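Notes for the one structure printed next.
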Amino acid sequence: MASLVLDRSFGLSQGFDTYEGVEPPKDRAAPKIEELRAPQVLARAKAWLAARDRERPFFTWVHLFDAHDPYEPPKELAEAYKSAYLGEIAFMDRALGEFLDALRADGTLEQTLVVIVGDHGEGLRQHQETTHGWFCYESTVRVPMLVRFPDGWRKGERSAEIASVVDVFPTALSALGLDVPRDLDGTSLDHALVPEGRGVYFECFNGAENFGWSPLVGWADAKAKYIHSSVPELYDVLPDAREVRNVAGERPQDVARMLDQIRRVRARAVRIGGRGVVGGPRRGGGRAVGRARRALSGEPDRTLAVGLGPDPPAAPGRGATAVRVHREGAQPDRQRVEQSRLVPRAGRRQGRRTRRLRARPRARPAAPLGQGQPRARRGKMSAQAEDRANERALDSVA
């Protein structure tokens, strides 16, 4: 593992015979996440592969982290690609090529399925997102996936089929000759075509969990891409790759169709490990989020409810109504006023019980995105009470 974000303390090492990562820093307040460069990680992977039992099948997960802010590639690569970010990708590509050459030389590559996939892209200031984890636009959710089969199946082909990172798990199971569970979100790509008409689910709860923004969930297929939030967004990403023209108002049938697909995904989600609901058939659903960050901070676990209620706003009387403001992505100097629900939060002041109202807007933080925004202030209510309040508020947003 190349970064502390995948430390074994988060439970990610379960099931692995060997799990090597980064040592936690002594100063936990350090601004930079500890990481290893690609050649260091790949050298460890190469050593493990060389010492393995060659009579047994194996699974190896190699995690690279170089293409994360701050971007610090070798100078010659930054100059060659005129971009520090692209220079980091080129640096990883060069190291990975040397690693695969070594596997080819000792015969391992001839009998190994190789899957190379990114878990996210970078905003690079598109839609005012400098890094990732805040929005669900193509700059961050569309990622490369390369699949190399030992027998050369579909060699050199660039496919336009809809695939997802959730396909890696069933593909690996199939390649290892193991049974693939029937209730997975993903589909095996092992010598199999992607089902016709397939769509994929995506989400982003970082802003909702940390700053009280509207949670983002969505669906993408060959026809369009829908982002469900307080402001529904529908894009035809083939002619509009940068997603600047929202056509949700012009294509309500597509919005309804894709919202139904999102509800189906969330309805079949299950409770995991007894630590919070990931979804379920109940109204509102829910999801345990941010556990990795809380594991380091010692903060108690909480769940965030995501409402996919009726499309129109809920009937009056379900909560106080307030005006909220957020900036439009294409016009940062123009402000748009919308209606939002307020979440009652209880507190005590000067020995007298009072009620506080906490807005749940979809708003940009004052500081540049991804650069040290403070956590949203929390009141002294229990995690269960906060979950119920979140659910009531978010369930009222179409």
Practice problem: Could you tell me which residue of the stretch 129-176 is surrounded by the fewest Cβ atoms within 10 Å (Cβ to Cβ), considering only residues that are touching a His at 6+ places or on another chain (Cβ under 8 Å) and of a type outside the set (Ser, Thr, Tyr)? | Solution: Trp153
Quiz item: Assuming Val247 fulfils every condition listed in (1) surrounded by fewer than 16 Cβ atoms within 10 Å (Cβ to Cβ); (2) in contact with a Ser or Thr (Cβ under 9 Å, 6 or more places away or on another chain); (3) over 26 Å from Asp167 (Cα atoms); (4) not charged (D, E, K, R) apart from one, which condition is it?
Solution: (2)
Exercise. Taking the residues in the stretch 182-220 that are more than 30 Å from Ser230 (Cβ to Cβ) and among the aliphatic types (A, V, I, L, M) as candidates, determine which candidate is nearest to the chain's Cα centre (by Cα).
Key: Leu184
Quiz item: Taking the stretch 210-230, which residues are touching a Pro at 6+ places or on another chain (Cβ under 8 Å) and in contact (Cβ under 8 Å) with a residue 60 or more places away in the chain?
Solution: Phe211, Gly212, Trp213, Ser214, Ser229, Ser230
Quiz prompt | Failed item, numbered, when Ala224 is tested on (1) farther than 29 Å from Ile89 by Cα; (2) surrounded by 18 or more Cβ atoms within 10 Å (Cβ to Cβ); (3) aliphatic (A, V, I, L, M) | solution = (1)
Quiz item: Which of the residues belonging to the stretch 250-274 are among the hydrophobic types (A, V, I, L, M, F, W, C), loosely packed, with under 13 Cβ neighbours inside 10 Å and at pLDDT below 95?
Solution: Val270, Ile272
Quiz item: Which of the residues that make up the stretch 70-83 are surrounded by fewer than 17 Cβ atoms within 10 Å (Cβ to Cβ) and either within 28 Å of the chain's Cα centre (by Cα) or not aliphatic (A, V, I, L, M) (or both)?
Solution: Pro70, Glu72, Pro74, Lys75, Glu76, Glu79, Tyr81, Lys82, Ser83
Quiz item: Could we say that Ala95 is under 22 Å from Ala175 (Cα atoms) and touching a residue at least 24 places away in the same chain (Cβ under 8 Å) here?
Solution: no
Practice problem: Look through the stretch 33-65, keep the residues that are in contact with a strand residue (DSSP E or B) (Cβ under 8 Å, 6 or more places away or on another chain) and touching a residue at least 40 places away in the same chain (Cβ under 8 Å), and return whichever of them is farthest from Arg125 (Cα to Cα). | Solution: His63
Quiz item: Given the residues Gly197, Gly186, Gly177, which is the only one that is in contact with a strand residue (DSSP E or B) (Cβ under 8 Å, 6 or more places away or on another chain), part of a loop (DSSP other than H, G, I, E, B) and within 30 Å of Pro150 (Cα to Cα)?
Solution: Gly197
Exercise. Could you tell me whether the stretch 239-246 includes any residue that is in contact (Cβ under 8 Å) with a residue 12 or more places away in the chain, in contact with a His (Cβ under 8 Å, 6 or more places away or on another chain) and part of a loop (DSSP other than H, G, I, E, B)?
Key: yes
Quiz item: Would you say Ala172 is small (Gly, Ala, Ser), farther than 26 Å from Thr112 by Cα and either in contact (Cβ under 8 Å) with a residue 40 or more places away in the chain or assigned to a helix (DSSP H, G or I) (or both)?
Solution: no
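Would you point out the residue of the stretch 36-62, among those that are in a loop (DSSP other than H, G, I, E, B) and within 26 Å of the chain's Cα centre (by Cα), that is farthest from Asp93 (Cα to Cα)?
Residue satisfying both the conditions and the ranking: Phe59.
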Quiz item: What single numbered condition from (1) without any contact (Cβ under 8 Å) to a residue 60 or more places away in the chain; (2) touching a helix residue (DSSP H, G or I) at 6+ places or on another chain (Cβ under 7 Å); (3) not acidic (Asp, Glu) fails to hold for Gly133?
Solution: (1)
Exercise. Scan the stretch 98-130 residue by residue and report those that are in a helix (DSSP H, G or I) and touching a residue at least 24 places away in the same chain (Cβ under 8 Å).
Key: Glu98, Phe99, Ala102, Leu103, Leu109, Glu110, Gln111
Exercise. Assess whether Arg44 counts as being more than 17 Å from Met1 (Cα to Cα) and basic (Lys, Arg).
Key: no
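The values are calculated or read from the model by the stated rules, or taken from the named source; none is laboratory data. It should be emphasised that the depicted structure is a prediction, and the values quoted were computed from it without experimental measurement. Glycine also receives a Cβ, built like all others from the backbone with ideal geometry; neighbour counts cover every protein chain displayed.
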